[in-house]
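Engineer: First, the structure itself, so that you have it in front of you.
The values are calculated or read from the model by the stated rules, or taken from the named source; none is laboratory data. Remember, predicted model here, so these are calculated numbers, not experimental data. We place every Cβ from the backbone using ideal geometry, glycine too, and count neighbours over all the protein chains shown.
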Amino acid sequence: MGRTLSEKVWDEHVVRSTAGEPDLLYIDLHLIHEVTSPQAFEGLRLSNRKVRRPDLTIATEDHNVPTLDWDKPIADPVSRTQVETLRKNAEEFGVRLHPLGDAEQGIVHVVGPQLGLTQPGMTIVCGDSHTSTHGAFGAIAFGIGTSEVEHVLATQTLMQDKPKTMAVTVNGTLPDGVSAKDLILTLISKTGTGGGQGYIVEYRGEAIRELSMEARMTICNMSIEWGAKAGMIAPDETTFAYIKDKPEAPKGAEWDRAVAHWKSLVTDEDATFDKEIVLDAAEVTPFVTWGTNPGQGVPLGASVPSPDDFEDADEKIAAEKALTYMGLEAGTPMREVHIDTVFLGSCTNGRMEDLRTAADIIQGHHVAEGTRFLVVPGSAKVRLQAEEEGLHKIFIDAGAEWRGAGCSMCLGMNPDTLAPGERSASTSNRNFEGRQGKGGRTHLVSPEVAAATAVRGTLSSPADLTLVEA
Amino acid sequence: MDKFTTHTGVGVPLRRSNVDTDQIIPAVYLKRVTRTGFEDGLFAAWRNDPAFVLNNEAYAGASVLVAGPDFGTGSSREHAVWALMDYGFRVVISSRFGDIFRGNSGKAGLLAAKVDEKVVQKLWDYLDDNPGAQITVDLESRTVRAGEGVDAIEDSFDIDDYTRWRLLEGLDDIGITLSHEDDIAAYEATRPSFKPVTQHA
């Protein structure tokens, strides 16, 4: 019988398989950052162990780093200690590190692909749940905890139960102005935050095939937000073209061998999935969240729902709590929700295409009074490329803040945070209570909606701007 | 890791669903480089509220948390497990856990016991009626028990065989894996040369 994409990649990495035990899986690439690694390195030191494969390990600084004054020492002493600890650990254990100020520094999930280290058919892990991003290349990629980080450092393997398989097939074509972010938010609103639990999901179908690599990364990035173990997309010519000539991509004859192998990484015609979901891309519209988990979303054209709209008792209570936290009234049109801060960035939407899309929309407009617009490139390389293309000027001229690379306002861990009660439209991945700062209120949006919202000061789509101008 | 066979302790009803790991411990508490001392970050935003269940003295010294579905979703931070353990919890009972959280629990020695939603409801009602009451969680027999007499609650919970065995034995994963070092080396010898490396000679 045929096998699915994920089964093929899984099978290729089984070091040891015994009945009644998880498989021992080989890890091709281990990404490290400052937050989830210090206790793992400390564990190695205490056990007198070393990093088995420093040559399959790479580190960068992203969660704690400031996006202003990033050429100066980090002001917060606790953050500075954590970053300095990573530097010491990288040196002691021989791990390649791209520190703040380095041209390859950035959000770990932006750095891997742009270096060409993320390739089809690999197993990739990181002490960060958005490691699922790398599945866009046809890799099995997932987030792990610090104990597992230590395990991978010491053994280059992980013990893992084989997940079930799920296909999400998206037929048709996404309408103009509707992006991958709208698609994944729509999907999560249908499945809930636990709908993917226990599955490796393969996104497939015409609408997925038509997506760029960066858009595919946005989709796979948010797999974890509906609970999936990992998300994957089969590699194709789009994938190969993206990887070719990247710094760490295979070269010469090795490239040909690699591509020949990558072409075999597709789900066989006669393979079966444990579960299948089918979506029609034509029905997807700009989508935003109203609540405090990524599944609590509605089309931008809809209104804030009422707890009475939910039949399930838990969902009803969750909706009540979410509306109170978010300070929203049921029945308010989403388009009338005032936004204090717009955040464009993160491992979900902090890549070149996201910046180009937003710049294109905001060009000739100005950020609304009473709203601030933070533009944070996902990596130093994205920042430099954007500056070469003059995008920073477009943002600055429009009244936006142009920042250095990092996780920034995606999570309340560095100076970029929301104040209590402050409301954001954010291209990041989580609208949890307090995620962007204690008491902060987050609406997840696409880069298109982010840019239009910055101009109007209320949740908006680019189509709304045309109306304003006319 | 300490062995875990059976545990009896005060149960706390956390009547919330979708308690993500940002709620369990906000990111601002993740800056430490140590392995202990995370109890102050546990449910940090909610603990300011005097009505929050952990602020109810009846539940002082609690060690068994009974939570709504989708507990521990979101971020991979193992600090969420550490914060629960540093506070004194040994067991979390829920009908559904985030995958990474459940995995992290097994590694760190926190028992994540998956039960039917109805069992969570029964335990919540029991704990509300009897604040400070104890719950027993027996890993050997995979059962959770509370109360006495006709109203006694006894039901089974799910945990995968391998994690159960490791918790019962208190085993260290890395040690187990390194006993298969030959298999790892043999696998490495077969890896295709086109796979990327981060360091070049």
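Engineer: Only one of these is small (Gly, Ala, Ser), in contact (Cβ under 8 Å) with a residue 24 or more places away in the chain and either closer than 30 Å to residue A:54 by Cβ or outside the structural domain of residue A:266 (by TED's automatic domain parsing) (or both): A:205, A:231. Name it. Reasoning before the result, please.
Structural biologist: Numbers: A:205 fails: either closer than 30 Å to residue A:54 by Cβ or outside the structural domain of residue A:266 (by TED's automatic domain parsing) (or both).
Being small (Gly, Ala, Ser), in contact (Cβ under 8 Å) with a residue 24 or more places away in the chain and either closer than 30 Å to residue A:54 by Cβ or outside the structural domain of residue A:266 (by TED's automatic domain parsing) (or both) holds for just one of A:205, A:231, which is A:231.
Engineer: Return the total of residues in segment B:46-74 being in a loop (DSSP other than H, G, I, E, B) and more than 18 Å from the chain's Cα centre (by Cα).
Structural biologist: So the first thing to find is which residues in segment B:46-74 are in a loop (DSSP other than H, G, I, E, B), and the list is B:48-52, B:56, B:60-63, B:68-70, B:72-74.
Subsequent filtering for residues that are more than 18 Å from the chain's Cα centre (by Cα) retains B:48-52, B:56, B:60.
Going through segment B:46-74 one residue at a time, the tally reaches 7.
Engineer: Considering only segment A:146-166, I want to know if a residue exists there that is more than 8 Å from chain B (Cβ to nearest Cβ), small (Gly, Ala, Ser), within 24 Å of residue A:52 (Cα to Cα) and surrounded by fewer than 24 Cβ atoms within 10 Å (Cβ to Cβ). Can you show your working first?
Structural biologist: Taking segment A:146-166 as the starting set, the residues that turn out to be more than 8 Å from chain B (Cβ to nearest Cβ) are A:149, A:152-153, A:158, A:160, A:162-166.
From what is left, the residues that are small (Gly, Ala, Ser) are none.
The answer is no, given that none of the residues of segment A:146-166 is more than 8 Å from chain B (Cβ to nearest Cβ), small (Gly, Ala, Ser), within 24 Å of residue A:52 (Cα to Cα) and surrounded by fewer than 24 Cβ atoms within 10 Å (Cβ to Cβ).
Engineer: A follow-up question, please. Of the residues that make up segment A:21-43, is at least one crowded, with 17+ Cβ neighbours inside 10 Å, among the aromatic types (Phe, Trp, Tyr), closer than 29 Å to residue A:199 by Cα and touching a His at 6+ places or on another chain (Cβ under 6 Å)?
Structural biologist: Checking segment A:21-43: at least one residue is crowded, with 17+ Cβ neighbours inside 10 Å, among the aromatic types (Phe, Trp, Tyr), closer than 29 Å to residue A:199 by Cα and touching a His at 6+ places or on another chain (Cβ under 6 Å).
Engineer: Working carefully through the options A:48, A:64, A:89, find the one that is over 22 Å from residue A:436 (Cβ atoms), within 11 Å of chain B (Cβ to nearest Cβ) and not hydroxyl-bearing (Ser, Thr, Tyr).
Structural biologist: Just a single option satisfies the conditions, and that option is A:89.
Engineer: Restricting attention to segment A:406-440, which residues are outside any loop (DSSP other than H, G, I, E, B) and under 15 Å from the mean Cα position of the chain (by Cα)? Working first, answer last.
Structural biologist: Step one: list which residues in segment A:406-440 are outside any loop (DSSP other than H, G, I, E, B), which gives A:408-410, A:423-426.
A:408, A:409, A:410, A:426 - these are the residues of segment A:406-440 that are outside any loop (DSSP other than H, G, I, E, B) and under 15 Å from the mean Cα position of the chain (by Cα).
Engineer: Only one of (1) within 10 Å of another protein chain (Cβ to nearest Cβ); (2) touching a residue at least 60 places away in the same chain (Cβ under 8 Å); (3) touching a helix residue (DSSP H, G or I) at 6+ places or on another chain (Cβ under 9 Å) fails for residue A:42. Which number is that?
Structural biologist: Result: residue A:42 fails condition (2) only.
Engineer: Related question: From the list B:40, B:2, which residue is among the acidic types (Asp, Glu) and not in a loop (DSSP other than H, G, I, E, B)?
Structural biologist: On the way: B:2 fails: not in a loop (DSSP other than H, G, I, E, B).
The unique qualifying residue is B:40.
Engineer: Right, next: What is the one condition in (1) touching a residue at least 12 places away in the same chain (Cβ under 8 Å); (2) away from chain B (no Cβ under 14 Å); (3) not hydroxyl-bearing (Ser, Thr, Tyr) that residue A:241 does not satisfy?
Structural biologist: Residue A:241 satisfies every listed condition except (1).
Engineer: OK, next. Check whether at least one residue in segment A:118-127 is assigned to a helix (DSSP H, G or I) and crowded, with 24+ Cβ neighbours inside 10 Å, and report yes or no.
Structural biologist: Looking only at segment A:118-127, we keep the residues that are assigned to a helix (DSSP H, G or I), and these are none.
Within segment A:118-127 (the criterion being assigned to a helix (DSSP H, G or I) and crowded, with 24+ Cβ neighbours inside 10 Å), the answer is no, since none of the residues qualifies.
Engineer: Please determine whether any residue of segment B:9-28 is more than 9 Å from every other protein chain (Cβ to nearest Cβ), closer than 23 Å to residue B:115 by Cβ, surrounded by fewer than 20 Cβ atoms within 10 Å (Cβ to Cβ) and not acidic (Asp, Glu). Talk me through it step by step, then tell me what you get.
Structural biologist: Initial filter on segment B:9-28 (more than 9 Å from every other protein chain (Cβ to nearest Cβ)): B:9-14, B:19, B:24-25.
So of that shortlist, the ones also closer than 23 Å to residue B:115 by Cβ come out as B:9-14, B:19, B:24.
The next check asks that each one be surrounded by fewer than 20 Cβ atoms within 10 Å (Cβ to Cβ); those that pass are B:9-10.
Then keep just the ones that are not acidic (Asp, Glu); that gives B:9-10.
Yes: one or more hits.
Engineer: Moving on. How many of the residues making up segment A:252-307 are on the phi < 0 side of the Ramachandran plot, within 14 Å of chain B (Cβ to nearest Cβ), more than 26 Å from the chain's Cα centre (by Cα) and part of a loop (DSSP other than H, G, I, E, B)?
Structural biologist: Qualifying residue count, segment A:252-307: 1.
Engineer: Kindly provide the set of residues from segment A:127-144 that are within 11 Å of chain B (Cβ to nearest Cβ) and either more than 20 Å from residue A:12 (Cβ to Cβ) or without any contact (Cβ under 8 Å) to a residue 60 or more places away in the chain (or both), ordered by number.
Structural biologist: A:127, A:128, A:129, A:130, A:143, A:144
Engineer: Okay, next question. Does segment B:164-181 contain at least one residue that is charged (D, E, K, R), part of a helix (DSSP H, G or I) and without any contact (Cβ under 8 Å) to a residue 40 or more places away in the chain?
Structural biologist: Taking segment B:164-181 and keeping what is charged (D, E, K, R), we get B:164, B:166, B:169, B:172-173, B:181.
Checking which are part of a helix (DSSP H, G or I) leaves us with B:164, B:166, B:169, B:173, B:181.
Subsequent filtering for residues that are without any contact (Cβ under 8 Å) to a residue 40 or more places away in the chain retains B:164, B:181.
Yes - at least one qualifying residue is present in segment B:164-181.
Engineer: Mind checking whether some residue in segment A:232-242 is in contact with a Lys or Arg (Cβ under 6 Å, 6 or more places away or on another chain) and either at positive phi or not charged (D, E, K, R) (or both)?
Structural biologist: Yes, there is a match, as at least one residue in segment A:232-242 is in contact with a Lys or Arg (Cβ under 6 Å, 6 or more places away or on another chain) and either at positive phi or not charged (D, E, K, R) (or both).
Engineer: Would segment B:163-175 turn up any residue that is more than 25 Å from residue A:24 (Cβ to Cβ) and out of contact with any Gly (no Cβ under 8 Å at 6 or more places or on another chain)? Lay out the reasoning, then the answer.
Structural biologist: Let us first name the residues in segment B:163-175 that are more than 25 Å from residue A:24 (Cβ to Cβ), namely none.
Among the residues of segment B:163-175, not one is more than 25 Å from residue A:24 (Cβ to Cβ) and out of contact with any Gly (no Cβ under 8 Å at 6 or more places or on another chain), which makes the answer no.
Engineer: Report every pair of residues separated by at least 6 positions or lying on different chains whose Cβ atoms are under 7 Å apart, first residue within segment A:46-75 and within 18 Å of residue A:125 (Cα to Cα), second basic (Lys, Arg).
Structural biologist: Within 7 Å, the pairs are A:58/A:96; A:59/A:96.
Engineer: Having 1 or more residues that are among the charged types (D, E, K, R) and modelled with pLDDT of 95 or more is the bar; report the helices (runs of 4 or more DSSP H) wholly within segment A:312-392 that clear it. Reasoning before the result, please.
Structural biologist: Values: elements: A:313-326, A:346-349, A:352-362, A:380-388.
Qualifying helices (runs of 4 or more DSSP H): A:313-326, A:352-362, A:380-388.
Engineer: Another question, then. Where in segment B:97-156 are there strands (runs of 3 or more DSSP E), lying wholly inside it, with at least 3 residues that are touching a Lys or Arg at 6+ places or on another chain (Cβ under 9 Å) and of a type outside the set (A, V, I, L, M, F, W, C)? Please lay out each step first, then the result.
Structural biologist: Working: elements: B:111-114, B:134-138, B:143-146, B:153-156.
In segment B:97-156, B:153-156 are the strands (runs of 3 or more DSSP E) which contain 3 or more residues that are touching a Lys or Arg at 6+ places or on another chain (Cβ under 9 Å) and of a type outside the set (A, V, I, L, M, F, W, C).
Engineer: Could you please find all residues in segment B:31-44 being buried (at least 16 other Cβ atoms within 10 Å of the Cβ) and either touching a Ser or Thr at 6+ places or on another chain (Cβ under 7 Å) or at pLDDT below 95 (or both)?
Structural biologist: Within segment B:31-44, B:31, B:32, B:33, B:35 qualify.
Engineer: Related question: Please pick out the residue among A:367, A:376, A:337 that is in contact (Cβ under 8 Å) with a residue 24 or more places away in the chain, touching a Lys or Arg at 6+ places or on another chain (Cβ under 7 Å) and hydrophobic (A, V, I, L, M, F, W, C).
Structural biologist: Details: A:367 fails: touching a Lys or Arg at 6+ places or on another chain (Cβ under 7 Å); A:337 fails: touching a Lys or Arg at 6+ places or on another chain (Cβ under 7 Å).
Among A:367, A:376, A:337, only A:376 is in contact (Cβ under 8 Å) with a residue 24 or more places away in the chain, touching a Lys or Arg at 6+ places or on another chain (Cβ under 7 Å) and hydrophobic (A, V, I, L, M, F, W, C).
Engineer: Take the residues of segment B:177-191 that are at the interface with another protein chain (Cβ under 7 Å from one of its Cβ atoms) and not hydroxyl-bearing (Ser, Thr, Tyr): which is surrounded by the most Cβ atoms within 10 Å (Cβ to Cβ)? Even if it seems obvious, please write down each step before you answer.
Structural biologist: Let us first name the residues in segment B:177-191 that are at the interface with another protein chain (Cβ under 7 Å from one of its Cβ atoms), namely B:177-178, B:180, B:183-184, B:187.
If we keep only those that are not hydroxyl-bearing (Ser, Thr, Tyr) as well, we get B:178, B:180, B:183-184.
Values: B:178: 17, B:180: 17, B:183: 16, B:184: 19.
Selected residue: B:184.
Engineer: Now, a different point. So for segment A:47-64 (the condition being farther than 22 Å from residue A:140 by Cα and either of a type in the set (Asp, Glu) or not assigned by TED's automatic domain parsing to the domain that holds residue A:109 (or both)), does at least one residue qualify?
Structural biologist: Yes, there is a match, as at least one residue in segment A:47-64 is farther than 22 Å from residue A:140 by Cα and either of a type in the set (Asp, Glu) or not assigned by TED's automatic domain parsing to the domain that holds residue A:109 (or both).
Engineer: Cβ contacts < 8 Å: first residue at the interface with another protein chain (Cβ under 9 Å from one of its Cβ atoms), restricted to segment B:63-81; second residue of a type in the set (Phe, Trp, Tyr) and assigned to a loop (DSSP other than H, G, I, E, B), any location; separation 6+ or different chain. Result?
Structural biologist: Close Cβ pairs (under 8 Å, with a partner that is of a type in the set (Phe, Trp, Tyr) and assigned to a loop (DSSP other than H, G, I, E, B)) amount to B:74/A:432; B:79/B:38.
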